[in-house]
Every structure is written in C-alpha cells, then in structure tokens.
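Some notes on the structure that comes next.
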Amino acid sequence: MTQEVKQKYGKEDSLIVIIHGGAGPQDPNKTGIEKANKALKKIAKQVVKKLIEGIPASKVACFCLQELEKDPQFNAGVGSALQSDGIPRLSASLMNGHKQSFSGVISATYLPHPSILIEKLQKRRAKVLTSPGTELLARELSLPVHSNLTEKRSKRWLKQMDKADYPSSYFDSDTVGCVIRDLKGRLTAASSTGGIGHEYPGRVGDTGTVSGNYASRFAAVAVTGKGEQITDDAVAARIETRIRDGMSLEEASNKTYQEALTKKRRYGWIAVSNKGEWGVTRTTNLLPYVVFNEKGLVDEFIPDTEIE
Ligand code: ASP
C-alpha cells in the first residue's frame with residue numbers, strides 16, 4: 001500500500017499475521033518509515049515461525065508486542081511518550097478471540113513490558129489492571145519493574161513542557177498492534193502504547209479498551225490513532241459486530257472508514273476474519289504495517305518518495 005491508498009484488502013487460505021507500527025509515526029519521513037518497516041518484517045517472520053510451531057496465538061501476539069516494546073522507535077514499552085507531567089503511562093491489551101476473553105493494563109508507569117502482564121491476566125479473575133495492581137502483580141510474578149524514561153523522550157518532552165494538554169498538532173501515534181489468524185483459524189488481537197504524548201496527566205486512551213482492541217470467533221481488530229475519537233466510535237468492537245452480523249470484512253471496514261471520513265477522524269486499523277479476509281484501513285497519512293502468511297510477506301506499507 002502506498003500513502004494514497006487508504007484501504008487494502010485481501011484473502012488468505014490459512015495463516016495471517018498483520019503487525020502495525022502506529023497511525024502517526026514519531027519519525028514520519030521515508031527513512032523512519034523504512035526503519036519501522038524493517039523492524040516489523042523481522043518480527044513478523046519470528047511470529048509466523050512460532051505459529052507454525054504450534055505456539056498459541058495469544059502467546060505469540062504478546063511475544064510480538066514485547067519485541068516492539070523493546071524497540072524505542074515505537075511508542076510502546078521503553079521509550080514510550082510522556083504525558084504532560086513528564087511521566088510515561090503505558091496501556092496494552094490482548095483479546096483471545098476463540099475464548100472471547102479480554103485482558104488489559106491501563107496507565108502502568110513502571111512496566112517495560114505490559115505485554116507480559118496482559119498474557120498473565122488472561123488467566124486471572126481481575127483481567128484489567130491499573131496501578132498499583134500492575135506493579136504489584138509484576139513483582140509477584142517476578143517480572144521486571146522499572147522506569148520507561150529515555151533521554152530522547154525526555155528531551156522531546158522538555159521542548160513542549162509549557163503545554164498543559166497535548167496540542168492538536170501533536171500526534172506521536174506510533175502505538176503498536178497485531179492481529180493473528182492462526183493455522184486453526186483462531187483469531188487474536190493485541191496492542192501496546194505509550195499514548196499520544198503530552199496528554200493531561202492520567203489521560204486514558206483506547207488501547208486498554210475494547211474500542212481499540214477486540215476479537216471474537218468472527219474477527220480480530222486492532223486500532224491506532226486518536227484515542228478519544230476511537231473510543232467515541234467504539235471502532236474495534238463496532239467492526240467486529242458488523243462482521244459478526246454478516247458483513248464481509250471489506251464491507252464492515254469500508255462502512256467504518258466512510259463514517260470516520262465524515263467525522264474527520266484520525267485513526268486506522270488492521271483486521272482479520274474467520275473466513276481468511278484481512279484488511280488495513282486508515283484515515284491518516286501514514287500507517288506502517290506488514291501482512292504475512294505462512295510462506296512470507298503478502299503486503300506492506302511502502303512510503304512514497306516524498307512524505308509531507
Ligand atoms: N490510540 C493511542 C492513544 O490514543 C495512540 C496511538 O494509537 O498511537 O492512546
């Protein structure tokens with residue numbers, strides 16, 4: 001897909017993996033997008049290998065997020081965007097479509113890998129946690145607990161520190177996410193984010209909720225972009241409902257896309273269905289992503305020469 005094409009759809013017989021690197025990358029130039037694309041491809045290959053080995057899709061989806069959380073070019077894990085008080089608050093969620101089970105972490109400050117916790121939370125009674133539960137449980141499970149501040153993010157924050165809430169032009173929307181249809185046709189969606197950057201302290205976006213991440217036996221959808229708009233439109237849950245009620249993935253995505261255009265929304269999503277349909281849709285200019293099947297690359301975001 002190039003920058004002009006805003007919707008892309010396809011169909012695969014068996015395995016499908018889509019990974020995205022956010023609707024408004026930190027480094028929105030050709031080199032930045034190419035770097036993101038390279039990282040996404042490398043991770044996708046490992047994800048496919050694990051799925052072929054028979055590792056459960058939700059476990060593999062969390063592995064995928066972990067790899068992305070380690071890479072500071074993405075706004076997740078270490079290197080997450082800072083809120084307006086200079087503190088990163090990370091959110092992530094996992095939805096096992098086969099079990100229709102959602103787990104999430106909201107506004108965790110000291111977890112470099114919320115993705116590890118969301119996997120563990122699937123098996124617990126309280127499946128969505130915020131602080132102090134996030135850090136308490138991480139300690140109980142002997143998971144790493146430390147600050148996610150980086151020099152690069154801190155310097156970027158210092159430049160904007162007089163802004164109490166994020167300016168509308170500010171859009172570091174490089175959240176990460178993946179959707180998977182495994183070899184048995186089971187669906188999973190997972191997302192991880194540091195938010196928009198410079199938000200009012202304690203602001204909660206869509207990523208730890210079913211508007212940003214939803215999966216069932218019918219479809220799996222992961223969304224990225226302006227969290228408030230995604231929440232207002234209940235994007236992931238809405239697309240899943242449309243597919244569940246009989247629309248094809250393309251019809252459901254296109255209807256949601258047309259509604260988003262009317263409202264001048266800034267978001268995008270990746271989706272797969274139980275029928276093997278897949279789609280990548282966005283109203284934003286950029287959305288680095290890769291689509292893989294069991295044999296390799298099926299589609300990717302190719303930046304045009306000039307990026308405005
Ligand atoms: N949706 C995320 C949020 O609003 C940001 C993103 O997708 O990059 O927190």
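The values are calculated or read from the model by the stated rules, or taken from the named source; none is laboratory data. Quick caveat: nothing in here was measured; it's all calculated off a predicted structure. In this analysis, Cβ positions are derived from the backbone assuming ideal geometry, glycine residues included, and neighbour counts consider all displayed protein chains.
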Whether any residue in region 173-190 is under 20 Å from PHE63 (Cα atoms), free of Cβ contacts under 8 Å to residues at least 12 places away in the same chain and more than 8 Å from the ligand (Cβ to nearest atom) is what I want to check. yes
Name the residues in region 15-33 that are more than 16 Å from the ligand (Cβ to nearest atom) and either part of a strand (DSSP E or B) or surrounded by 15 or more Cβ atoms within 10 Å (Cβ to Cβ) (or both), would you? LEU15, ILE16, VAL17
For region 34-59 the number of residues that are modelled with pLDDT under 95 and in a loop (DSSP other than H, G, I, E, B) is 0
Answer residue from region 112-137, given it is out of contact with any Leu (no Cβ under 6 Å at 6 or more places or on another chain) and among the aliphatic types (A, V, I, L, M) and is farthest from GLU67 (Cα to Cα) among those: ALA126
Filter result for the condition that a residue is free of Cβ contacts under 8 Å to residues at least 40 places away in the same chain and out of contact with any Asp or Glu (no Cβ under 6 Å at 6 or more places or on another chain), over ALA271, ALA260: ALA260
Within region 183-195, count every residue that is surrounded by fewer than 24 Cβ atoms within 10 Å (Cβ to Cβ) and over 18 Å from ALA236 (Cα atoms). 3
Given the structure, is THR224 in contact (Cβ under 8 Å) with a residue 60 or more places away in the chain, closer than 30 Å to ASP85 by Cβ, surrounded by 22 or more Cβ atoms within 10 Å (Cβ to Cβ) and within 19 Å of the chain's Cα centre (by Cα)? yes
For residues that are of a type outside the set (S, T, N, Q) and near the ligand (Cβ under 7 Å from one of its atoms), tally how many sit in region 193-222. 5
Working only within region 82-104, note down all residues that are within 15 Å of the ligand (Cβ to nearest atom), assigned to a loop (DSSP other than H, G, I, E, B), among the polar types (S, T, N, Q) and under 19 Å from the mean Cα position of the chain (by Cα). GLN83
Please tell me if GLN66 is of a type in the set (S, T, N, Q), within 19 Å of THR175 (Cβ to Cβ), at pLDDT below 95 and surrounded by 15 or more Cβ atoms within 10 Å (Cβ to Cβ). no
Got at least one residue in region 52-63 being surrounded by 24 or more Cβ atoms within 10 Å (Cβ to Cβ), more than 16 Å from THR207 (Cβ to Cβ) and small (Gly, Ala, Ser)? yes
